[in-house]
Amino acid sequence: MTHTPARLATPADIDAIVSVFTSAFLHDPVWGPAFPDEGRRAEQAAVMWRVYAGSALRYPWTLVTPGVEAAAVWIPPGGVELTAEEAEGLEGRLAGVTSPEVARAVMRIGEQFEAAHPSEPFFYLTILGTHSDHRGKGLGMALLAESLARIDALGAPAYLESTNPANLERYESVGFTVRDEITLATGQVVTTMWRPAAVQTRS
């Protein structure tokens, strides 16, 4: 895997990050059908991605490639994806661009994810995506590898939910193992994955 430099995202990157996630998850097995109006899916989903990406910037753990071709949003141990106020506001925003039923269904997915979280502290990979214009270059995996190197240096475990079965082998290749499964109301299965803390060696 070629080395891809990563940098911490800033508020100036938010539009590019939203574009990355909107593109990356447009046809995702979970996040695609969550917005059933295909003609408006991109603009509707972008509302969600903007809230999550913007909120995560409170922590110094959103990493991007230099030109924001790919982005990885991590929530550090003890952190939260959204505050209660942000979560409540998100459902309202989604209802405004979709419908109350679609908004509630989207929020329910997040609630199921949260309910399945391990009890011990961990770094949480909430979103990892590469813009479709840059897919196939290994940017997402290189960014993940850089993220994990930083987490390993802290001696912390990592956790994620994979909404696409095609990605399981990729995550396993960097040390994640399957932990559990979450069955959504739509019948789709999301795989949760765990990566133990790196063993710290004394110099």
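The values are calculated or read from the model by the stated rules, or taken from the named source; none is laboratory data. No experiment lies behind these values; they were computed from the predicted model shown. Backbone-built Cβ (ideal geometry, glycine too); neighbour counts: all protein chains shown. Just the protein is used for accessible areas: all its heavy atoms, side chains included, with ligands, DNA and RNA removed. Shrake-Rupley method; radii C 1.70, N 1.55, O 1.52, S 1.80 Å.
What shape does the range 135-203 have by the C-alpha gyration tensor, where a ≥ b ≥ c are the square roots of the eigenvalues, rounded means a/c under 1.5, and otherwise prolate means a/b greater than b/c and oblate the rest? Walk me through the numbers before you get to the answer.
On the way: a/c = 3.13, a/b = 1.57, b/c = 1.99.
Note, shape of the range 135-203 comes out oblate.
Solvent exposure of the range 103-203 amounts to 52 Å² per residue of accessible area, where only protein heavy atoms count and the probe is 1.4 Å.
Shown for the chain: the carbon plus sulfur share of the solvent-accessible area, taken with all protein chains present and a 1.4 angstrom probe, equals 53%.
Would you work out if the range 87-203 is rounded, prolate or oblate? Take a ≥ b ≥ c from the square roots of the eigenvalues of the alpha-carbon gyration tensor; rounded if a/c is under 1.5, else prolate when a/b is larger than b/c, oblate otherwise. Verdict is prolate for the range 87-203. Per residue, the range 1-87 exposes 44 Å² of solvent-accessible protein surface, assessed with a 1.4 angstrom probe and all protein chains in place. Based on the Kirkwood radius over alpha-carbon pairs, what is the Stokes-Einstein translational diffusion coefficient of the chain at 10 °C with 1.306 mPa s viscosity, in µm²/s? It diffuses with D of about 92 µm²/s by this estimate.
Only Lys, Arg, Asp and Glu carry charge here, each on its Cβ (+1 for the first two, -1 for the last two); on that basis the chain has a dipole of about 500 debye about its Cα centre. Binning the alpha carbon pair distances of the range 38-106 at 5 angstrom intervals from zero yields the distribution 3, 15, 23, 22, 16, 14, 6, 1, expressed in whole percent.
For residue 154 and residue 38, a Förster radius of 30 Å and the Cβ-Cβ distance give a FRET efficiency of 0.15, rounded to the nearest 0.05. Peptide packing: for 93-105, 123-135, the average count of neighbouring Cβ atoms within 10 Å per residue gives the ranking 123-135, 93-105, highest mean first.
Set Lys and Arg Cβ to +1 and Asp and Glu Cβ to -1, take the dipole of the chain about its Cα centre, and tell me which of 98, 119, 83 lies farthest positive. With unit charges placed on the Cβ atoms, the residue in question is 119.
Can you compute the FRET efficiency between residue 8 and residue 174 using 1/(1 + (r/R0)^6), with r the Cβ-Cβ distance and R0 = 25 Å? Round to the nearest 0.05. Don't skip to the end; give the middle numbers.
Numbers: r = 20 Å, r/R0 = 0.81.
Computed FRET efficiency for residue 8 and residue 174: 0.80.
Convex hull volume of the Cα atoms in the range 1-45, per residue, in Å³? Working shown, then result.
On the way: hull volume 4.6 nm³, N = 45.
Each residue corresponds to 102 Å³ of Cα convex hull volume.
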